[in-house]
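Worksheet: one structure, shown below.
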């Protein structure tokens, strides 16, 4: 039934096993990261931050996201894509702990930069 619905939009055999794994992992990752979008500002406000401070942290996040896309493309062409993906994931893995150990909003400045580095799609974009 599901494959019949997909066949209307995509030709049969479009998704090989690698693409299916990439789509599933991106869905799971995006679902978890999507929860951060609503909870993180409240968490930052709980760390004695004003609305301006929350905006400042998210500016760091967006700036690091924007600045890592083009270098990520060059890195994908120059180095092994799998190694670049693993590097991006290694940077991201300690971030939830860094968020949880923060006692003041100023401690989140480097964390938001690293979070923007991962969320920019660098590891996922390199696989395509």
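Values quoted throughout were computed directly from the atomic coordinates according to the rules given, and no laboratory measurement underlies them. Computed from a prediction, not measured in an experiment: that's the story for all the values here. Every residue, glycine as well, gets a Cβ built from its backbone with ideal geometry; the counts of neighbours run over all protein chains shown.
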Whole-Å semi-axes of the ellipsoid equivalent to region 16-125 (Cα gyration tensor, √5λ, descending): 27, 15, 12
In nanometres, what is the gap between the two model label sites at residue 50 and residue 80, each 7 Å from Cα along Cα-to-Cβ? 5.0 nm
Which of 43, 38 comes first, and how do the rest follow, when ranked by fewest Cβ neighbours within 10 Å? 38, 43
Taking 90, 112 and counting other C-beta atoms within 10 Å, the order from fewest to most: 90, 112
Which of 93, 111 has the fewest other C-beta atoms within 10 Å, and how do the rest follow up to the most? 93, 111
